[in-house]
Ligand code: GAL
């Protein structure tokens, strides 16, 4: 479908639906620029804090900055792949010129890409790989897994038993984190007692599974935990303390996402490390690529964030570098970057631990 035809379809959809879509094509549309292009952003879930707190606002702000008359249609799938498929159809019906898609299920999302391409709408695979997308951007996910595992092995002095909690099998990143982690763990002196692929990254499932393992192996046998993300690390800590392990006797535990709760646990000595992904670079690159495509241009080979376009499994890609964060690194990473203020982490309960970590 041509852009014009899609616009007309969009307008009728807006008239039909009334309210929001109409108000969004406001006064700005007459400004010079990229003729009021529409960009759809589809994110996968809300349980991980990054999507609503960072990815979405950073992406929307950068699109606005680059193209004042562009409109962003935003959708969150709440971890439901059928819902996400409907959201894609809805985005196309509302005239999306470009789709930025972080898929709930990387494999089945190929069908969504076909649907968009059938209407001449390019798709940017955001954070999670989709084989037939036009562009892809993410962090070096295998390195994420390697960094997590290395930090765990180091904290354990290269010996002892661990539990291993991976991400959702439907998320292609989860397989990459797992592969990277195994490449370090399997050759180390650390032994994996039991391993779990958590169906939707849910912290509750992580807590339940860990509780089941503690019933089987008893808490004393678990000398470390690989949790692929901070949400799960939180569930693991709840399971361990629930089984009677004192907060100051928790074994080394690693995570990912630099969530506030995880940084607080790190400051308090209840988690060893997390992975900080400077999401600003990823979200802003996505916005730059999307705006270029909306204007009918090729995506830039190098973005203003300084990232070169490369190639990942045959798709033009921008791959960013993850950063390991232990207590001594909080200041120079998430705080220095403005990802958080010290006051976000150092709330009253953590004031003393923060002072000791040189964070007040
Ligand atoms: C991954 C994403 C991670 C994390 C995880 C769930 O796809 O790359 O940053 O959000 O989902 O925690």
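What the table shows:
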{"read-out": "Gaussian network model of the chain, Cα within-10 Å springs - most flexible of 167, 306, 269", "value": "306"}
{"read-out": "Theoretical ellipticity at 222 nm over the chain - DSSP helices of four or more residues, -39500 (n - 2.57) apiece, nearest 500", "value": "-12000 deg cm²/dmol"}
{"read-out": "Kirkwood-based shape ratio for the stretch 305-354, expressed as Rg/Rh from alpha carbons", "value": "1.21"}
{"read-out": "Gaussian network model of the chain, springs between alpha carbon atoms under 10 Å - residue of 134, 197, 65 with greatest fluctuation", "value": "65"}
{"read-out": "Helix 230-242 axis, angle to the chain major axis (alpha carbon atoms, nearest 10°)", "value": "30 degrees"}
{"read-out": "Isotropic mean projected area of the C-alpha convex hull, the stretch 270-360 (nm²)", "value": "7.7 nm²"}
{"read-out": "Ranked packing of 253-260, 169-176, 322-329, most packed first, by mean Cβ within 10 Å", "value": "253-260, 169-176, 322-329"}
{"read-out": "Residue among 246, 37, 155 with the largest mean-square fluctuation in a Gaussian network model of the chain, springs linking Cα atoms under 10 Å", "value": "246"}
{"read-out": "Relative contact order (%) - criterion: Cα under 8 Å, at least six apart; region: the chain", "value": "16 percent"}
{"read-out": "Length-normalised contact order of the stretch 300-360 in % [C-alpha pairs under 8 Å, at least 6 apart]", "value": "18 percent"}
{"read-out": "Centre separation in Å (Cα based) which lies between the stretch 88-137 and the stretch 305-360", "value": "29 Å"}
{"read-out": "Folded to 0 to 90 degrees: helix 56-66 orientation relative to the chain principal axis, Cα", "value": "40 degrees"}
{"read-out": "The stretch 225-304: Cα Rg divided by the 2.2 N^0.38 Å rule of thumb", "value": "1.61"}
{"read-out": "Relative exposure of 330, 335, judged by other C-beta atoms within 10 Å (fewest first)", "value": "335, 330"}
{"read-out": "Acute angle (nearest 10 degrees) that the helix 172-185 long axis makes with the longest principal axis of the chain, alpha-carbon atoms", "value": "30 degrees"}
{"read-out": "Burial ordering of 113, 63, fewest other beta-carbon atoms within 10 Å first", "value": "113, 63"}
{"read-out": "Computed lengthening from residue 313 to residue 218, 0.36 nm per intervening residue step minus Cα-Cα distance", "value": "29.9 nm"}
{"read-out": "Size descriptor, Kirkwood hydrodynamic radius, that averages inverse alpha-carbon separations across the chain, Å", "value": "21.4 Å"}
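We did not get these values from a lab; they are worked out from the coordinates using the rules stated. This one's a predicted model, so the numbers in the text were calculated from it and none came from an experiment. Quick reminder, even Gly has a Cβ in these numbers, built from the backbone with ideal geometry, and neighbours come from all protein chains shown.
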